[in-house]
Amino acid sequence: MFVCKECGYKSQQRLGQCPYCGKWGTFIEEKISSRAAESRESVKISSLKPEEFFRIHSRIAEFDQLLGGGIVKGSVILIAGNPGIGKSTLLLQLVPEREKVLYVTGEESPSQVAQRARRIKAGEHFYLLSSRKLENAENEIERISPSIVIIDSVQSVVADASGGFSVSPAALRAVTSRITELAKTKNISFILSGHVTKEGVLQGPKIIEHIVDVVLYFEESPSKKHRILYSTKNRFGNTQEFVLFTISAAGLNVVDDPSKFFLSSFANVPGSVAVSAFQGSSPFIGEIQSLINRTSFQFPRRQVIGLDLNRVYLASAIIERIFGFKLYLFDIYLNVAGGIRITEPAADLAIAFSILSSYKKAPIDRRCAFAAEIGLGGELRGVSDLAGRVRKAEKLGFEKFFTATAGEKVKSKMKIFYCRNLKDCFDAVW
Ligand SMILES: Nc1ncnc2c1ncn2[C@@H]1O[C@H](COP(=O)(O)OP(=O)(O)OP(=O)(O)O)[C@@H](O)[C@H]1O
Ligand SMILES: [Mg+2]
């Protein structure tokens, strides 16, 4: 099998250009070996007893809930995030009191880890190994037989295995496979941290995601004040939930009521609009902001950060046509707060309302959230997983949700406005 190391796309042949992400020369060969037991005869599925998962509880109840009830014994969990986001802090805070835990750090000295543990008042009765060699970790596993092994980070261990600092995809895969093997044969749970690059993929390859059992992403909230932990893959539970933390010198603190925090960071100014989008496979509410000024250029400027520029061109053309607003006389600047990227068509409606709100200098009630694709005629199109988006918005304290008539109807405490087109939606908002 050949796998694109940028996006994880799989192909039977080595391709020059990845048909999914468009990058050139990114395919690497991968040997596929099944982790399931090898058997000669098939069995009748009704005769099989479902496997009972034994779960270990961490020190953060919300983390356990995110995993579906605790850390499954023998599972491999990957926590991916940008450098400095708080991965090591989270790992330390998770360490359960009553379990035997081996914490392997390939990036920091023992005293650095101890210092952090003291600062955030984490439990201090785990075994710490400062090493960049998986071999050493394996020896320690033999010696102390821990029930949980934390590896901070998976890349640091790989870097040594491949004899340098640049992480080769093949080496990363090999190390992760070895870890998975250890987890299954010794029934030890592994929690790995992994760095993410600017483009949002796990450094080098996204390909280790399919080897591990659970993939969690740790990100900054749009307001930068919070950290969000959500799962994009979970073999033992759903991927609907997320955990919101605040971070300070005392470490991470779970926010019980995310809605207040999210909504308080929204500025109630013209152009600021809540968009319901997807981050990985979890729905999320982001904030789109815009600024519209009369242009002093021959061609009005359209500058966009975090959105698809073409969709902004489209939204402004549709607004000009439907409402007759002279947007061609104005420069338009659009931005997604917090530096996240939202490129799905479902953001169209929020983009349009951000522009409309700026143009009219009329703020939009900050309890409103938007999700719909806009067709060239101004008609609204349905979005994927409306129910999930609505649930998330409701949980975050939103009260009104604007979307298209097409598609599923969902039950919610929020008032949901199913609009046929942009004009209908405009009348419902203002
Ligand atoms: N002395 C301190 N006082 C207050 N906050 C701190 C202190 N040290 C670290 N922090 C907070 O913790 C964050 C870094 O946490 P941590 O080291 O867990 O991140 P990380 O994701 O493991 O980073 P890396 O990618 O470098 O391993 C910082 O961004 C900062 O917000
Ligand atoms: Mg770290």
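In percent, what relative contact order does the chain have, based on Cα pairs under 8 Å that are 6 or more apart in sequence?
Working: 882 pairs, mean separation 52.5, N = 430.
Relative contact order comes out at 12 percent.
Helix 386-395: angle to the longest alpha-carbon principal axis of the chain, degrees 0 to 90, nearest 10?
Tilt relative to the chain: about 90 degrees.
With every protein chain kept in place and ligands, DNA and RNA left out, what is the accessible area per residue of segment 261-429? Probe 1.4 Å, answer in Å².
Details: 7540 Å² over 169 residues.
Dividing the accessible area of segment 261-429 by its residue count gives 45 Å².
Given R₀ = 56 Å, what would the calculated FRET efficiency be for residue 47 paired with residue 2, taking r from the Cβ atoms and rounding to 0.05?
Details: r = 38 Å, r/R0 = 0.68.
Once rounded, the FRET efficiency stands at 0.90.
Taking the Cβ of residue 335 as the centre, find all other residues whose Cβ is under 12 Å away and add up their charges (Lys, Arg: +1; Asp, Glu: -1). Walk me through the numbers before you get to the answer.
On the way: positive: 341; negative: 287.
That sum, taken over residues with Cβ under 12 Å, equals 0.
Could you state the angle between the C-alpha long axis of helix 348-360 and the longest principal axis of the C-alpha atoms of the chain, as a value from 0 to 90 degrees rounded to the nearest 10?
50
Hey, which aspartates and glutamates would be in cross-link range of residue 413, C-alpha to C-alpha under 14 Å, not counting anything within fewer than 8 residues on its own chain?
Straight-distance partners of residue 413: 394, 399.
Once phi is turned into ³J(HN,Hα) by the Karplus curve 6.51 cos²θ - 1.76 cosθ + 1.60 with θ = phi - 60°, what whole-Hz value does each residue of segment 361-372 show in order, with x for glycine and proline?
The phi angles translate into 6, 10, x, 9, 3, 6, 8, 9, 10, 10, 7, 5 Hz.
For segment 54-256, what proportion of DSSP beta bridges, expressed in % and rounded to the nearest 5, is antiparallel?
Working: 19 of 43 bridges.
So the antiparallel bridges in segment 54-256 amount to around 45 percent.
For segment 54-256, what D do you get in µm² per second when you plug the Kirkwood radius from alpha-carbon pairs into Stokes-Einstein at 20 °C and 1.002 mPa s?
Numbers: Rh = 16.8 Å.
In µm²/s, the coefficient rounds to 128.
For segment 8-19, in order, what is each residue's ³J(HN,Hα) by Karplus, 6.51 cos²θ - 1.76 cosθ + 1.60 with θ = phi - 60°, in whole Hz (x at glycine and Pro)?
Going residue by residue, I get x, 4, 10, 8, 6, 10, 6, 9, x, 10, 6, x Hz, with x marking Gly and Pro.
Run down the lysines and flag those whose C-alpha is under 23 Å from the C-alpha of residue 415, throwing out any fewer than 8 positions away in its chain.
Qualifying lysines at Cα under 23 Å: 260, 392, 395, 400, 423.
Taking H as built 1.01 Å from N, whose amide H comes closer than 5 Å to the amide H of residue 220, not counting residues under 5 places away?
Result for residue 220 returns 228.
Can you give the accessible area of residue 45 in Å² (nearest 10), computed on protein heavy atoms with a 1.4 Å probe?
In the full protein context, residue 45 sits at about 140 Å².
How far apart, in nm, are two points set 7 Å out from the Cα along the Cα-to-Cβ line at residue 399 and at residue 232?
3.6
What whole-number distance in Å separates the alpha-carbon centres of segment 1-78 and segment 306-362?
39
Tell me, what ³J(HN,Hα) does each residue in segment 399-411 have, in order and in whole Hz, if you take phi through Karplus 6.51 cos²θ - 1.76 cosθ + 1.60 with θ = phi - 60° and put x for Gly and Pro?
10, 10, 10, 9, 8, 8, 5, 5, x, 5, 9, 10, 8
Rounded to the nearest 5, what % of the DSSP beta bridges within the chain are antiparallel ones?
Details: 42 of 81 bridges.
Of all bridge pairs located within the chain, approximately 50 percent are antiparallel.
Report, by chain and number, residues whose modeled amide H sits under 5 Å from the one on residue 302, excluding near sequence neighbours (fewer than 5 apart, same chain).
Hits under the 5 Å cutoff: 332.
Under the rule of at least 5 residues apart or a separate chain, name every residue whose amide H is placed under 5 Å from the amide H of residue 421.
Counting only residues 5 or more places away or on other chains, the set is 380.
Percent antiparallel among DSSP beta bridges with both residues in segment 261-429, to the nearest 5?
Numbers: 17 of 32 bridges.
The antiparallel proportion sits near 55 percent.
Would you list 21, 419 from the most to the least accessible area, probe 1.4 Å? The partial results should precede the final answer.
Details: 21 50, 419 5 Å².
Final ranking, largest accessible area leading: 21, 419.
What does the charge dipole of segment 261-429 about its Cα centre add up to, to the nearest 20 debye, if the Cβ of each Lys and Arg holds +1 and the Cβ of each Asp and Glu holds -1?
Values: 23 positive and 15 negative charges, 60 e Å.
Around 280 debye, computed over segment 261-429.
Using a 1.4 angstrom probe on heavy atoms only, work out the carbon and sulfur share of the accessible area of segment 54-256 in %. Working shown, then result.
Values: 3870 of 8170 Å².
C and S fraction of accessible area: 47 percent.
Under a Cβ-Cβ cut-off of 12 Å, what is the net charge of the residues other than residue 193 that fall near it, where Lys and Arg count +1 and Asp and Glu count -1?
-2
Please compute the net charge surrounding residue 399, taking Lys and Arg as +1 and Asp and Glu as -1 over other residues with Cβ under 9 Å from its Cβ. Walk me through the numbers before you get to the answer.
Working: positive: 367, 400, 413, 415; negative: 365, 394.
Counting the neighbours of residue 399, the net charge comes to +2.
The values are calculated or read from the model by the stated rules, or taken from the named source; none is laboratory data. All values derive from a computational prediction rather than experimental measurement. Glycine gets a Cβ as well: all are built from the backbone with ideal geometry, and neighbour counts include every protein chain shown. Calculation scope for accessible area: heavy atoms of the full protein, side chains included, ligands and nucleic acids excluded. Shrake-Rupley method; radii C 1.70, N 1.55, O 1.52, S 1.80 Å.
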